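The values are calculated or read from the model by the stated rules, or taken from the named source; none is laboratory data. Nothing here was measured: the structure is a model prediction, and the numbers come from that model. We place every Cβ from the backbone using ideal geometry, glycine too, and count neighbours over all the protein chains shown.
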Amino acid sequence: MKQNIGRTRIKLAEILQNNFPSRSGVLVTWRPEWLYPATGAYRTNQSLDCFRWEGFAKHIDESGKEIFTAFSVGSYFTMSEIIKYSDLAMDGDGEITPVVVPNE
């Protein structure tokens with residue numbers, strides 16, 4: 001089945017790349033096709049305790065070969081919600097949340 005890559009996933013990959021370009025000093029790559037939205041009830045029923053999307057970042061060597069998965073992440077915020085923020089935070093379990101700056 002062909003995966004549909006829309007502008008939301010493209011934007012999310014860009015934001016993740018800007019916020020998390022490396023892990024332990026190793027450069028990683030975020031690609032839209034490595035971001036997976038939840039489907040069915042997991043996408044629409046907010047009372048279910050599950051991520052609304054999950055994704056991966058990989059280390060790619062100089063030749064373009066994928067070496068290893070460096071990050072496995074997800075969020076309780078939908079992709080559409082989280083791309084409204086340019087600054088993101090990641091906890092130790094890989095949960096992505098927006099960094100919200102209070103109004104001064």
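Can you tell me which condition LEU12 does not meet? The list is (1) of a type outside the set (Ser, Thr, Tyr); (2) under 25 Å from VAL99 (Cβ atoms); (3) touching a Pro at 6+ places or on another chain (Cβ under 6 Å), and all the others hold. Only one criterion in (1) of a type outside the set (Ser, Thr, Tyr); (2) under 25 Å from VAL99 (Cβ atoms); (3) touching a Pro at 6+ places or on another chain (Cβ under 6 Å) is unmet by LEU12, namely (3). Tallying residues that are acidic (Asp, Glu) and farther than 20 Å from LEU27 by Cα within segment 65-94 yields 1. Checked against (1) acidic (Asp, Glu); (2) in contact with a Phe, Trp or Tyr (Cβ under 7 Å, 6 or more places away or on another chain); (3) assigned to a helix (DSSP H, G or I), GLU14 passes all but condition (2). Look through segment 61-104, keep the residues that are among the charged types (D, E, K, R) and part of a strand (DSSP E or B), and return whichever of them is surrounded by the most Cβ atoms within 10 Å (Cβ to Cβ). Per the stated criteria, the residue is GLU95. Within segment 32-61, the only residue that satisfies the criterion of being closer than 16 Å to PRO21 by Cα and of a type in the set (Asp, Glu) is ASP61. Among the residues of segment 40-60, just one is hydroxyl-bearing (Ser, Thr, Tyr) and either within 21 Å of LYS84 (Cα to Cα) or surrounded by 18 or more Cβ atoms within 10 Å (Cβ to Cβ) (or both), namely THR44. Residues of segment 44-60 that are part of a strand (DSSP E or B) and over 21 Å from THR8 (Cβ atoms): HIS59, ILE60. Applying the criterion of being over 17 Å from ILE67 (Cβ atoms) and assigned to a strand (DSSP E or B) to the residues of segment 17-38, the residue that is nearest to the chain's Cα centre (by Cα) is LEU35. With respect to the conditions (1) surrounded by fewer than 15 Cβ atoms within 10 Å (Cβ to Cβ); (2) touching a residue at least 40 places away in the same chain (Cβ under 8 Å), THR8 falls short on a single one, namely (1). Report yes if ALA13 is under 18 Å from GLU95 (Cα atoms), surrounded by 14 or more Cβ atoms within 10 Å (Cβ to Cβ) and at pLDDT below 90, otherwise no. No, not satisfied.
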